[in-house]
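The values are calculated or read from the model by the stated rules, or taken from the named source; none is laboratory data. The shown structure was predicted, so the numbers you read here are calculated from the model rather than taken from an experiment. All Cβ positions, even for glycine, are placed from backbone atoms using ideal geometry, and neighbour counts span all protein chains on display. Accessible surface areas use protein heavy atoms only, side chains included; no ligands, DNA or RNA. Shrake-Rupley method; radii C 1.70, N 1.55, O 1.52, S 1.80 Å.
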Amino acid sequence: FRSRVVVMRQHVATLTKWGIRGFVGCVLYDVSSREWSVRHTWETALKQYALYALMRIAGRRQLQQLISDAENGEEVQRSLLAEFLQRHQDTLYGQSHGLQGVVTLDIFRRTHPITHHGHYADYIKKIREGQQNVLAPGRPQMLAMTSGTSGSPKLVPHTEEVSKIFFQRGVIAAIGVLDEAFPGSVNELQRSAKLTFRTEKRELENGLAVGSNSANPSTRGFKSMLFAYASPMAAYDLYGEQDALYAHALFALKDKNLGIMEANFAPLLCMLFDAMKENKRHLVQDLRNGHIWDRHLPENVPQADRAAIDAALGGPDGPRSREVEKLLKSGATASELWPNLRVVMATDGGSFQASARRLKELLGDVEIYSPFYAATEGLLGINIFPQRPFGVSTYLLDPNSMFFELLPVSYRTVENPPADAPIPAWDAQVGEAYEIIVTTRGGFCRYRLGDIVRVMAMFGKMPVVAVEERALHFLPSLHGERVAEAVFLKALAEAPISKRIRGAAVVEEPGKLSGARYHIFVEPDGTMKKTSDFQADDERSLDEALCNEHEVYASFRRKGAIQSIQLHYVQAGTFATLRHVLANKEVAGDFP
């Protein structure tokens, strides 16, 4: 009997050994049969293969969870609010605003006012001073600064839970959407050209960090994901925006088998293509020689970073350099530069619609997918309809991220609307526009986020929304008219000039810019040899587009009370310099 047991164990061990070998062999064969990015090694390819396999499984599950939560949206939202109210039983804010004993939505709506950021100024000051249990239990992970893309920068308490929810309910769910809608995007072993830059953070005397909470090269875990990105860490370590853009452009062009391009916002990807166009001769030369900045090293780039980038390039690449040279000279689109590019990920709605239109021209046949509706305050929604059945990017509000209320758009300019004016998300009316009101994991209650959204559909008990504009952003009034920023941006997106500029700004400077007219400063993309050849037509077409979008403006134009739009062309790089100056000014203004 004992001998039989020994023999049986030997057989099992042998079968197990051969089973493991067989499994490993199947995996290696599967890995070798997929599309590879050019800089992959077996080590990096296997890491991406394993990660994507796990994320596809998690993505499908999280997407199903999101759908289930949306179908039971009212129940999930009420439960989430009850959890938030319970937390406020022990916070300074909850004690100061009568939230102790408040446990239901009805009482909360009757007793707590609608708030804006100024309402929390004293509480944020206490957090900066090191006090705990102010807006949420304990101490926040950091004070996050809003990007300023949708208003003046503000400080918002950021907890670790906010990051966790964004990743689990946002990023993972979006992986599920990518897997279903864009075949091969998270299945092949193609890298992503991820465009992100280092951001400045400061540390207060109490050790609390203050700065951006968006994912960037300094974020924990970023380095561990480099095997999935086209650029090496040395490219992300560059602080100069133009230097970093050049390095990212070089590595994107190096990888003919690029699978995804991604950035937070559409204008950033337009900037990447602009960098390729402006530096095509140098990029081709650097590809050919396998050496970045072959003729001139920028002043602020350490020699160590240059050496690391050179090492990542892997030596001269004559065939790809000749191919890129030919394509860039012909004005090739992204789908021609990277024949296997699956999808481009970037926010393309709201204030980015003009840039998104230009980006579409640069991409060719590649689709744009805007995966999230998110703010510094946290995740709001996920785009589960990448095919754009409503004509624009839309987002299913996530019932388990924040508690949502919707304020009718008629109250957008009312500073203190009635407490009962907003409606719960599950009572939204399809086709109507609302201002988003949120109660957040960071402790804000009935907070006016400032976004105007339009409800395109209901999915279960939760609305599917399109982000349209900022509630209080209007162009300077010339004759009593109120032209919302979104109206101007829509007109700009419809005008032919939107395809030939990198950005536009409406400037009001009484005494220096004459006439009762809008003065629009624009930065050409380099395709116009003489701006004077286009100016009259561009001014006329943009003015006509604005008249089509705004009847009051059109009536004043017909009466002659307002004159036609005047365009002012600025030099290339002006807006990049302006962004840098404003960013430094904003950071300084928000720190003690």
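Which one of these does residue 544 not meet: (1) over 28 Å from residue 358 (Cα atoms); (2) modelled with pLDDT of 85 or more; (3) not aliphatic (A, V, I, L, M)?
Going through (1) over 28 Å from residue 358 (Cα atoms); (2) modelled with pLDDT of 85 or more; (3) not aliphatic (A, V, I, L, M) one by one, residue 544 breaks only (1).
From 554, 516, grab the single residue that is farther than 21 Å from residue 578 by Cα, in contact with a helix residue (DSSP H, G or I) (Cβ under 9 Å, 6 or more places away or on another chain), in a helix (DSSP H, G or I) and not aromatic (Phe, Trp, Tyr).
Details: 516 fails: in a helix (DSSP H, G or I).
Within the list 554, 516, the selection yields 554.
I need the full set of residues from the range 165-201 which are open to solvent by less than 20 Å² (accessible area, probe 1.4 Å), hydroxyl-bearing (Ser, Thr, Tyr) and more than 20 Å from residue 30 (Cβ to Cβ), in order please.
Answer for the range 165-201, where residues must be open to solvent by less than 20 Å² (accessible area, probe 1.4 Å), hydroxyl-bearing (Ser, Thr, Tyr) and more than 20 Å from residue 30 (Cβ to Cβ): 192, 196.
Just checking, does the range 348-371 include any residue being open to solvent by less than 20 Å² (accessible area, probe 1.4 Å), among the basic types (Lys, Arg) and touching a Ser or Thr at 6+ places or on another chain (Cβ under 8 Å)?
yes
Quickly run through the range 243-264 and pick out the residues that are part of a loop (DSSP other than H, G, I, E, B) and either crowded, with 24+ Cβ neighbours inside 10 Å or touching a Ser or Thr at 6+ places or on another chain (Cβ under 6 Å) (or both).
Step one: list which residues in the range 243-264 are part of a loop (DSSP other than H, G, I, E, B), which gives 255-259.
Correct list: 255, 257, 258, 259.
From 301, 324, which residue is of a type outside the set (S, T, N, Q), crowded, with 20+ Cβ neighbours inside 10 Å and not in a helix (DSSP H, G or I)?
Details: 324 fails: not in a helix (DSSP H, G or I).
301 is the lone residue from the list that is of a type outside the set (S, T, N, Q), crowded, with 20+ Cβ neighbours inside 10 Å and not in a helix (DSSP H, G or I).
Within the range 102-125, which residues are more than 22 Å from residue 421 (Cβ to Cβ) and open to solvent by less than 60 Å² (accessible area, probe 1.4 Å)?
Our first condition is that a residue be more than 22 Å from residue 421 (Cβ to Cβ); within the range 102-125, this holds for 103, 121-125.
121, 123, 124, listed by residue number.
Before we move on, is residue 209 under 27 Å from residue 439 (Cβ atoms) and open to solvent by less than 20 Å² (accessible area, probe 1.4 Å)? I'd like the intermediate steps shown before the answer.
Details: under 27 Å from residue 439 (Cβ atoms): yes; open to solvent by less than 20 Å² (accessible area, probe 1.4 Å): no.
For residue 209, the condition - under 27 Å from residue 439 (Cβ atoms) and open to solvent by less than 20 Å² (accessible area, probe 1.4 Å) - is not met.
Is it the case, given these coordinates, that residue 54 is surrounded by fewer than 16 Cβ atoms within 10 Å (Cβ to Cβ), touching a helix residue (DSSP H, G or I) at 6+ places or on another chain (Cβ under 9 Å) and assigned to a helix (DSSP H, G or I)? Steps first, answer last, please.
Values: surrounded by fewer than 16 Cβ atoms within 10 Å (Cβ to Cβ): yes; touching a helix residue (DSSP H, G or I) at 6+ places or on another chain (Cβ under 9 Å): no; assigned to a helix (DSSP H, G or I): yes.
Answer is no for this residue.
Which residues, counting only those in the range 447-486, are in a loop (DSSP other than H, G, I, E, B), in contact with a Phe, Trp or Tyr (Cβ under 8 Å, 6 or more places away or on another chain) and open to solvent by less than 10 Å² (accessible area, probe 1.4 Å)?
481, 483
Go through the range 334-347 residue by residue and tally those that are assigned to a loop (DSSP other than H, G, I, E, B) and crowded, with 18+ Cβ neighbours inside 10 Å. Lay out the reasoning, then the answer.
So the first thing to find is which residues in the range 334-347 are assigned to a loop (DSSP other than H, G, I, E, B), and the list is 338-342.
Still in the running and crowded, with 18+ Cβ neighbours inside 10 Å: 338, 341-342.
Of the residues in the range 334-347, 3 are assigned to a loop (DSSP other than H, G, I, E, B) and crowded, with 18+ Cβ neighbours inside 10 Å.
Can you pull out every residue in the range 275-300 that is in contact with an Asp or Glu (Cβ under 6 Å, 6 or more places away or on another chain) and within 28 Å of residue 214 (Cβ to Cβ)? Spell out how you get there, then give the answer.
Of the residues in the range 275-300, the ones in contact with an Asp or Glu (Cβ under 6 Å, 6 or more places away or on another chain) are 284-287, 291-292, 294, 298.
Correct list: 292, 298.
Going by what's in this entry, would residue 505 be described as in contact (Cβ under 8 Å) with a residue 40 or more places away in the chain, open to solvent by less than 40 Å² (accessible area, probe 1.4 Å) and touching a strand residue (DSSP E or B) at 6+ places or on another chain (Cβ under 8 Å)? Before the answer, list the steps.
On the way: in contact (Cβ under 8 Å) with a residue 40 or more places away in the chain: yes; open to solvent by less than 40 Å² (accessible area, probe 1.4 Å): yes; touching a strand residue (DSSP E or B) at 6+ places or on another chain (Cβ under 8 Å): yes.
Spelling it out, residue 505 is indeed in contact (Cβ under 8 Å) with a residue 40 or more places away in the chain, open to solvent by less than 40 Å² (accessible area, probe 1.4 Å) and touching a strand residue (DSSP E or B) at 6+ places or on another chain (Cβ under 8 Å).
Within the range 280-297, is even one residue in a helix (DSSP H, G or I), open to solvent by 10 Å² or more (accessible area, probe 1.4 Å), in contact (Cβ under 8 Å) with a residue 40 or more places away in the chain and under 18 Å from residue 192 (Cα atoms)?
No - not one qualifying residue is present in the range 280-297.
Could you grab me the full set of residues in the range 372-409 that are aromatic (Phe, Trp, Tyr), buried (at least 24 other Cβ atoms within 10 Å of the Cβ) and either over 30 Å from residue 61 (Cβ atoms) or touching a helix residue (DSSP H, G or I) at 6+ places or on another chain (Cβ under 6 Å) (or both)?
First pass over the range 372-409, keeping only residues aromatic (Phe, Trp, Tyr): 372-373, 385, 390, 395, 403-404.
Pick out the ones that are also buried (at least 24 other Cβ atoms within 10 Å of the Cβ) and you get 373, 395, 403-404.
Scanning the range 372-409 gives 403, 404.
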